[in-house]
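Engineer: This structure is in structure tokens; I'll ask about it shortly.
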Amino acid sequence: MAKFELKLPKMGESVAEATITNWLKNVGDTVELDEAVLEIATDKVDSEVPSEVEGVLSEILFQVDDVVQVGQTIAIIETSTKGSDANQKEEIQAAEPAKELVSKVEETVVAAKEAVQTPVQSTTDRFYSPLVRSIAEKENISQNQLDAISGTGKDGRVTKNDILNFLESKSGQTKTQPAATSPSQPVSSQTVPKVSPVSVNGQDEIIEMSRMGKLIAHHMVESVQTSAHVQSFIEVDVTNIWNWRNKVKSNFAKREGENLTFTPIFMEAVAKAIKDFPMINISVDGDKLIKRKNINLGMAAALADGNLIVPVIKNADQLNLLGMAKAVNDLADRARTGKLKPDDTQGGTYTVTNVGTFGSVMGTPIINQPQVGILALGAIRKVPAVIETPEGDFIGIRHKMFLSHSYDHRVVNGALGGQFVKRVAEYLEAFDVNREI
């Protein structure tokens, strides 16, 4: 029998670790090729880790709620020596005993060094990831201080952002506290904001926030604290798009086996407008701007539990309308069924959210950091409108909607923010009713 090391796979350029949420197999269970062995969660999406070989699960190296780094071995699977892949891995492992010995020595040295420094540790009540412990040691945070930090991660776990926020708060208190106080110079009550307690009576129900809910809440607050949000609104006549879709949607469904929604049409217009105004497709890094080469459109989609997630359509400007429709339907379906991969939510450069799905006429969405803009699509409504013709003006029934553009006023001024959303509207109103898909 050969032993295969199942490692945490790479899940995107910016994903370095994941939390184990559930083991789907127990020690001694048979594992098929590509069969899911465990479930993991990153800060944006849940996913499964499949087996790369057939065999028997012989050892589990991490437990539920443990944080694992990308590339770490999380389980051992015993495989038959009949498979060529297993033979190759067994030969490689047998040919490198020295490498394993060096690795063990390095681990021993690191462990000894950590023992001398008496670092903070996980307790029976709280688990701290290696990253959190490293930051605590570097910033001289004691065990008692770390235990007192309120965690926003799963089951109250302290995340990287929690400990960084603690350090920032600690630094802010140090700066605002006077060097000396006296009865004639009392400390201002504004130095430490007071939080009013929430009263609960016997008829109230206390509901624990989900892991995703806590992450969303943290991201929303962080975005508002980071960016100066302003909005521009514009009303768009989408009658031509409405009539065109009604004309082609039946044939499209028969031919492609899926529905044609309005979303890919809107996403196509957004991608075109970004090409016209590339300074919308940027990120802020301190005092520098990062102008993104690729146009990767985030598409807010609903999860089964009611939360929203933002899968990303990569290189959206290179897709035709059929390709855009396929990408939109695929991501939306996998979001609803919980089958998104971590990389599906990475790398977005601009986001679109459809608030009209919930009946909202318009909205003021919060920017998805580190992007600098987000577009909300309002509900399409039948409204009376003035129609201009060579014979004169008259009142007619038109299909209209509002576009709401939120942008970071630190780097996007009102002219650029307004011109961009106006260009999106122009592309939508100029839609070709004779277009084929």
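The values are calculated or read from the model by the stated rules, or taken from the named source; none is laboratory data. The structure displayed is predicted, hence computed values, not measured ones. Neighbour counts are summed over all protein chains in view; Cβ atoms, including those assigned to glycine, are modelled from backbone coordinates with ideal geometry.
Engineer: Residue under question is Gly153, and the condition is that it be modelled with pLDDT of 80 or more, under 20 Å from the mean Cα position of the chain (by Cα) and surrounded by 10 or more Cβ atoms within 10 Å (Cβ to Cβ); does it hold?
Structural biologist: Values: modelled with pLDDT of 80 or more: no; under 20 Å from the mean Cα position of the chain (by Cα): yes; surrounded by 10 or more Cβ atoms within 10 Å (Cβ to Cβ): yes.
Criteria not met by Gly153.
Engineer: So which residues in the range 7-51 are farther than 27 Å from Ile309 by Cβ and part of a loop (DSSP other than H, G, I, E, B), if there are any at all?
Structural biologist: Answer for the range 7-51, where residues must be farther than 27 Å from Ile309 by Cβ and part of a loop (DSSP other than H, G, I, E, B): Asn26, Val27, Gly28, Asp29, Glu32, Leu33.
Engineer: Looking at the range 380-403, which of the residues that are of a type in the set (Gly, Ala, Ser) and more than 19 Å from Ile234 (Cβ to Cβ) is surrounded by the fewest Cβ atoms within 10 Å (Cβ to Cβ)?
Structural biologist: In this case the residue turns out to be Gly392.
Condition check ((1) at pLDDT 95 or above; (2) hydroxyl-bearing (Ser, Thr, Tyr); (3) farther than 21 Å from Met401 by Cβ) across all residues:
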position: Ala271; (1), (2), (3): yes, no, no
position: Gly286; (1), (2), (3): no, no, yes
position: Ala302; (1), (2), (3): no, no, no
position: Gly306; (1), (2), (3): no, no, yes
position: Ala316; (1), (2), (3): yes, no, no
position: Val328; (1), (2), (3): yes, no, no
position: Ala332; (1), (2), (3): no, no, no
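Engineer: So which strands (runs of 3 or more DSSP E) stay within the range 340-437 end to end and still have 1 or more residues that are free of Cβ contacts under 8 Å to residues at least 24 places away in the same chain? First the steps, then the outcome.
Structural biologist: On the way: elements: 350-353, 373-377, 381-389, 392-408.
Those strands (runs of 3 or more DSSP E) span 381-389, 392-408.
Engineer: Which one of the conditions (1) at pLDDT 95 or above; (2) over 30 Å from Phe252 (Cα atoms) does Met401 fail to meet, given that it meets all the rest?
Structural biologist: Exception for Met401: condition (2).
Engineer: Return a yes/no flag: does the range 270-281 have any residue that is charged (D, E, K, R) and loosely packed, with under 15 Cβ neighbours inside 10 Å.
Structural biologist: Yes, because at least one residue in the range 270-281 is charged (D, E, K, R) and loosely packed, with under 15 Cβ neighbours inside 10 Å.
Engineer: Could you list, in sequence order, all residues of the range 49-63 that are surrounded by 14 or more Cβ atoms within 10 Å (Cβ to Cβ), over 12 Å from Glu32 (Cα atoms) and either among the polar types (S, T, N, Q) or at pLDDT below 90 (or both)?
Structural biologist: Within the range 49-63, Val49, Ser58 qualify.
Engineer: Can you find a residue in the range 360-376 that is modelled with pLDDT under 95 and on the phi > 0 side of the Ramachandran plot?
Structural biologist: Checking the range 360-376: not a single residue is modelled with pLDDT under 95 and on the phi > 0 side of the Ramachandran plot.
Engineer: Select from the range 156-176 the residues that are under 18 Å from Thr21 (Cβ atoms) and at pLDDT below 80 and write down the one among them that is surrounded by the fewest Cβ atoms within 10 Å (Cβ to Cβ). So that I can check it myself, show each step before the final result.
Structural biologist: Keep residues of the range 156-176 that are under 18 Å from Thr21 (Cβ atoms), which gives 156-159.
Now restrict to residues that are at pLDDT below 80: 156-157.
On the way: Gly156: 15, Arg157: 20.
Here the residue is Gly156.
Engineer: Looking at Ala301, Ala325, Ala316, can you tell me which residue is among the aliphatic types (A, V, I, L, M), over 30 Å from Val70 (Cα atoms) and either in contact with a helix residue (DSSP H, G or I) (Cβ under 7 Å, 6 or more places away or on another chain) or not assigned by TED's automatic domain parsing to the domain that holds Ala415 (or both)?
Structural biologist: None of the other options fit; the residue is Ala325.
So that you can scan it fast, the table gives a plain yes or no per residue for (1) of a type in the set (Lys, Arg); (2) touching a Ser or Thr at 6+ places or on another chain (Cβ under 6 Å); (3) within 26 Å of Glu222 (Cβ to Cβ); (4) surrounded by 16 or more Cβ atoms within 10 Å (Cβ to Cβ):
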residue	(1), (2), (3), (4)
Val328	no, yes, no, yes
Leu331	no, no, yes, yes
Arg336	yes, no, no, no
Leu340	no, no, yes, yes
Asp344	no, no, yes, yes
Thr349	no, no, yes, yes
Val352	no, no, yes, yes
Val361	no, no, no, no
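Engineer: Is it the case that some residue within the range 23-41 is β-branched (Val, Ile, Thr), surrounded by fewer than 16 Cβ atoms within 10 Å (Cβ to Cβ) and not assigned by TED's automatic domain parsing to the domain that holds Leu308?
Structural biologist: Yes; the residues of the range 23-41 include at least one that is β-branched (Val, Ile, Thr), surrounded by fewer than 16 Cβ atoms within 10 Å (Cβ to Cβ) and not assigned by TED's automatic domain parsing to the domain that holds Leu308.
Engineer: For the range 213-241, how many residues meet the condition of being touching a residue at least 12 places away in the same chain (Cβ under 8 Å), in a helix (DSSP H, G or I) and farther than 30 Å from Phe431 by Cβ?
Structural biologist: 12
Engineer: OK, next. Give me a count of the residues in the range 270-327 that are part of a helix (DSSP H, G or I) and β-branched (Val, Ile, Thr). Please lay out each step first, then the result.
Structural biologist: Of all residues in the range 270-327, those part of a helix (DSSP H, G or I) come to 270-276, 278-280, 316-318, 321-327.
From what is left, the residues that are β-branched (Val, Ile, Thr) are 270, 274, 280.
Count: 3.
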